[in-house]
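The values are calculated or read from the model by the stated rules, or taken from the named source; none is laboratory data. Computed from a prediction, not measured in an experiment: that's the story for all the values here. Calculation scope for accessible area: heavy atoms of the full protein, side chains included, ligands and nucleic acids excluded. Shrake-Rupley method; radii C 1.70, N 1.55, O 1.52, S 1.80 Å.
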Amino acid sequence: MTDPLSLFAALRRPRLMIRAARIGAADYRRDRDLRRLLGPAGASAPERALAALLDAEARAEATRMAGDAAYSIARHVDLLIALMAEARLVARRPA
């Protein structure tokens with residue numbers, strides 16, 4: 001279970017966050033959103049972007065679970081939106 005799609009499929013997050021991310025996915029624009037979330041690395045291939053997003057989301061989840069005041073629900077949902085969209089791109093690519 002080391003490939004990014006399997007890791008994404010195994011994520012378990014609060015239902016409300018997932019619902020918000022699904023709604024937000026309709027407005028996802030790869031060029032704009034990946035650059036904002038990942039910086040210059042955001043312009044990479046979907047597989048690399050998915051791996052970077054998984055790392056960033058794991059850090060956001062750790063911050064959430066720790067109850068850290070630096071936690072941003074908006075950023076976490078943005079990461080989930082991007083994860084969903086990038087996972088779709090990776091899944092559609094021929095093997």
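The figures follow:
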{"quantity": "Matching residues in segment 42-53 - criterion: being open to solvent by 20 Å² or more (accessible area, probe 1.4 Å) and under 14 Å from the mean Cα position of the chain (by Cα)", "calculated": "47, 48, 51, 52"}
{"quantity": "Search result, residues across segment 54-71 that are small (Gly, Ala, Ser), open to solvent by 40 Å² or more (accessible area, probe 1.4 Å) and either closer than 22 Å to residue 88 by Cα or in a loop (DSSP other than H, G, I, E, B) (or both)", "calculated": "58, 67, 69, 70"}
